[in-house]
Amino acid sequence: MTPLLREFKLAINNFQIWTYLSGSDVKSRFRRSKLGIVWPVLHQLAFSLGAGFIWAAVFHLKPDDFIPFLTLGFAIWAFIAAAMTEGCSAFVIAHGYLKQLPLPQSIFIFRTVLTQLIFLAIGLATALGVLLYFGKLTLLGLVLGIPGILILIVYAYGAIGSLAYLGLRYRDLQHGLAGIFSLLFVVTPVIYPAEVLIKKGFAAAIYANPFASLIEVVRYPILNGELAEPLHYLASSVFALAFVALRFQLGFRWSRFVPFWS
Amino acid sequence: MIELKNVSIDYPLDPADGASLKSALLNVFNRNRKQPKSHYRALDDVSLRINKGERVGLIGLNGAGKSTILRVMSGIFQPSHGSVQIVGRVSPLLDFATGLELHHTGLENIRIRLMFLGESPASIERKIGDIAEFSELGEFIHLPARTYSTGMFMRLAFATSTAINPEILIADEVVGAGDAQFAEKARQRIEELLSGERTTVLSSHSMDLIRRFCHRVVWLHHGRIIADGDSDAVIKDYEARAPLMER
């Protein structure tokens, strides 16, 4: 319990610094780009609408159902993958600070989590816009999606926190993860509904895949106005908490080496 | 107050040449491992106590471990062996540019740097006008730092870094900056910074600077303290012996 409490205290005491760093990250992503924030939105829309219409035909699904499904899944998946890949560089990009100032390392974890949450918010807003257009947006759905979002946030903190240490120590990890996530993208029901896999006998890809559960606990309630299967809540929570435990374990053993590895 | 007890710092050497998952995995299968030297001992069993209000100079040849010991005193490095106790808030001036962002304006950069140096928002608002004026950047203070000349950049960094009022100041070769006009102002500013009622540890190769501000000098060599005492005495010894010693 105490490391967790200490962490909250650090978060509050250094609020100014990590929120500034995060804001700076977001601004620099869109700086000097004429369309700025519109780019990721356009990218998401182009993918969802383009792939949506075509795949709907391939999988024999109604575009009205499938395109909202796709946009939402895409936004959530982008966040899950980015948490891991960007998490790897959380300490790497802060190497100047880590070597010159006695700042708590957690600051750089909070900063990265916040930055990714901001991008998630943009992705979700776009997805919700698409849902609204196809008449699939319900208040009930949004409210029931909140527990899932909370689990996503815990996952992000744990994954970014763990990978910050691992990615600093093993600089090629980020590349390896990018590859793994490309594979996972295909195996996880992001761009096709779970039923398609289950019917073909690949149920394991959904039920033994914690990433699928992470997506389901957010996507399913929003689209269907009811909670997802308990198994998904259990799997995603355990997955998220395992990462949090890993973060504290790595912090305990490797904190002292971080300035040397920076 | 800063106290080091039997502190050693071992720099891990393996990440220098690519700690990669690939090599880590390969090493599992490599039974006939001849371990190359895995650590570099930068500080060797150092014990030191600096009391509140003392002004201590730190001298030594390049590579003696000065920057390392400054980082231990600032709480940036945890000792590999031994213990450190720091009582009071430390503001380390170990470089002049951490936090400086080329895309932000001069004014924004002052705010950012002060934030990282531990100044409260209220204190930042109080000091920012004076810093901007001291830097002599004029209208450029509202333009992005990437438009600055090197001299302007250094004046801004210098003005900001010397505006803090820390409990404990740990400074590594305070950077003097600017042209002939600025140099005199800079000198005065440094003197103000170093003369306060605070604990100061100053590392420098300028014996004049150290003699002026420090009553006590610690001489570091090969990661060990080989002299610690009255500044005149230690500096005289250093000037006599150091040119002949091995780095």
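The values are calculated or read from the model by the stated rules, or taken from the named source; none is laboratory data. Please read these numbers as outputs of a predicted model, since none were measured by experiment. All Cβ positions, glycine included, derive from the backbone under ideal geometry; neighbour counts span all protein chains shown.
Here are a few things to note about the model shown:
- Conditions (1) in a helix (DSSP H, G or I); (2) within 13 Å of chain B (Cβ to nearest Cβ): number failed by A:TRP77: (2)
- Residue in the range A:48-61 that is within 27 Å of A:ALA90 (Cα to Cα) and without any contact (Cβ under 8 Å) to a residue 24 or more places away in the chain present: no
- Note on the range B:200-232: among residues that are part of a helix (DSSP H, G or I) and not aliphatic (A, V, I, L, M), the one that is surrounded by the most Cβ atoms within 10 Å (Cβ to Cβ) is B:SER231.
- Test: A:GLY73 is under 20 Å from A:ALA125 (Cβ atoms), crowded, with 22+ Cβ neighbours inside 10 Å and at pLDDT 90 or above: yes
- Among residues of the range A:175-187 that are within 14 Å of chain B (Cβ to nearest Cβ), those with a Cβ under 8 angstrom from a residue that is of a type in the set (A, V, I, L, M, F, W, C), sequence gap 6+ or separate chain, pair up as A:GLY176/B:LEU21; A:LEU177/A:MET84; A:LEU177/A:CYS88; A:LEU177/A:LEU163.
- Selection within the range A:97-126 - without any contact (Cβ under 8 Å) to a residue 12 or more places away in the chain and either closer than 19 Å to B:PRO92 by Cα or within 14 Å of chain B (Cβ to nearest Cβ) (or both): A:TYR97, A:GLN100, A:LEU101, A:PRO102
- Number of residues in the range B:99-124 that are facing chain A (nearest Cβ under 9 Å) and aliphatic (A, V, I, L, M): the value is 3.
- B:PHE96 aromatic (Phe, Trp, Tyr) and at the interface with chain A (Cβ under 9 Å from one of its Cβ atoms): no
- Of all residues in the range A:155-214, those being hydroxyl-bearing (Ser, Thr, Tyr), over 18 Å from A:GLY73 (Cα atoms) and touching a Phe, Trp or Tyr at 6+ places or on another chain (Cβ under 6 Å) number 2.
- Against the criterion of being away from chain A (no Cβ under 13 Å), without any contact (Cβ under 8 Å) to a residue 60 or more places away in the chain and surrounded by 12 or more Cβ atoms within 10 Å (Cβ to Cβ), B:MET154 qualifies.
- All of A:LEU45, A:LEU4, A:LEU35 fail the test of being farther than 16 Å from B:HIS104 by Cα and not in a helix (DSSP H, G or I), apart from A:LEU35.
- Scanning the range B:136-190 for residues that are among the β-branched types (Val, Ile, Thr) and modelled with pLDDT of 85 or more yields a total of 7.
- Looking at A:LEU10, A:LEU49, A:LEU61, A:LEU5, just one residue is out of contact with any Asp or Glu (no Cβ under 7 Å at 6 or more places or on another chain), surrounded by fewer than 15 Cβ atoms within 10 Å (Cβ to Cβ) and away from chain B (no Cβ under 13 Å), and that residue is A:LEU5.
- Comparison of B:GLY63, B:GLY138 shows that the only residue that is more than 10 Å from chain A (Cβ to nearest Cβ), within 20 Å of the chain's Cα centre (by Cα) and surrounded by fewer than 18 Cβ atoms within 10 Å (Cβ to Cβ) is B:GLY63.
- Scanning the range B:41-60 for residues that are among the acidic types (Asp, Glu) and surrounded by fewer than 16 Cβ atoms within 10 Å (Cβ to Cβ) returns a single hit, B:ASP45.
- Filtered residues of the range A:13-40 (kept if small (Gly, Ala, Ser) and more than 12 Å from chain B (Cβ to nearest Cβ)): A:SER22, A:SER33, A:GLY36
- Scanning the range A:19-26 turns up one or more residues that are without any contact (Cβ under 8 Å) to a residue 60 or more places away in the chain and more than 19 Å from the chain's Cα centre (by Cα).
- For A:VAL258: the one exception among (1) more than 23 Å from the chain's Cα centre (by Cα); (2) surrounded by fewer than 19 Cβ atoms within 10 Å (Cβ to Cβ); (3) on the phi < 0 side of the Ramachandran plot: (2)
- Residue count, the range A:217-262 (criterion: away from chain B (no Cβ under 14 Å) and of a type in the set (Lys, Arg)): 2
- Unique match (being outside any helix (DSSP H, G or I) and closer than 27 Å to A:ALA240 by Cα) among A:SER22, A:SER89: A:SER89
- Single residue of the range B:66-78 satisfying the filter (under 15 Å from the mean Cα position of the chain (by Cα) and part of a loop (DSSP other than H, G, I, E, B)) that is farthest from B:LEU117 (Cα to Cα): B:PHE77
- Taking the range A:208-228 as the range and being surrounded by fewer than 16 Cβ atoms within 10 Å (Cβ to Cβ) and modelled with pLDDT under 90 as the test, only A:ALA208 passes.
- Cross-chain or 6+ apart pairs with Cβ under 6 Å, the range B:92-114 first and surrounded by fewer than 23 Cβ atoms within 10 Å (Cβ to Cβ), then assigned to a helix (DSSP H, G or I) and modelled with pLDDT under 90: B:PHE96/B:ALA157; B:PHE96/B:SER161; B:ALA97/B:ALA157; B:THR98/A:GLY96; B:LEU102/B:ALA145; B:LEU102/B:ARG146
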